[in-house]
Amino acid sequence: MSFPGTYNFSYYKGDTFEFKIYPKNSNRSAYDLSTYDLGNIIPGDGANFVISTSRGSTGVGAKITCVATISLADNSITCTISPALGNQMNANTSYVYDVEISKGSGGTVFTLLTGNISVTDQVSGATA
């Protein structure tokens, strides 16, 4: 595993947004996710996709925890912003995110992907 990759994207407010991550070892072989897919038996186990207005302790109060699901069938992680969570984001605010895999408290943690998110307000279905 190496440093996290970067993927900046635009999110259309109120929509479902999904992307997949296929982690690789430094030799380009698939990284084994089977030891991370523990069904969240221990809080924090598995994959985590978190959005915030800033990095570090200043962003703690503004965290949006989205869904990150490990699939052993294709050795991937699917990250999803649901419409309900996306509606918590504002078009005039800059957002950052991290996707990480972890093995519980004090265990292995790898940040796989990080980046910036820009938000565009919707036209249809817009809410006040």
> Where does each of Phe17, Phe3, Phe49, Phe9 land when they are ranked from fewest to most other beta-carbon atoms within 10 angstrom?
Replying inline: Phe3, Phe9, Phe17, Phe49
> Residues with beta-carbon under 15 Å from that of Ser124, excluding Ser124: net charge, scoring Lys, Arg +1 and Asp, Glu -1?
Replying inline: -1
> Viscosity 1.002 mPa s, temperature 20 °C: Stokes-Einstein D of segment 5-119 from its Kirkwood Cα radius, in µm² per second?
Replying inline: 146 µm²/s
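Each value in this text was obtained by applying a stated rule to the coordinates, not by laboratory testing. If you're wondering where the values come from, they're calculated on a predicted model, not measured in any experiment. For neighbour counting, all protein chains shown are included, and Cβ atoms are generated from backbone atoms with ideal geometry for every residue, glycine included.
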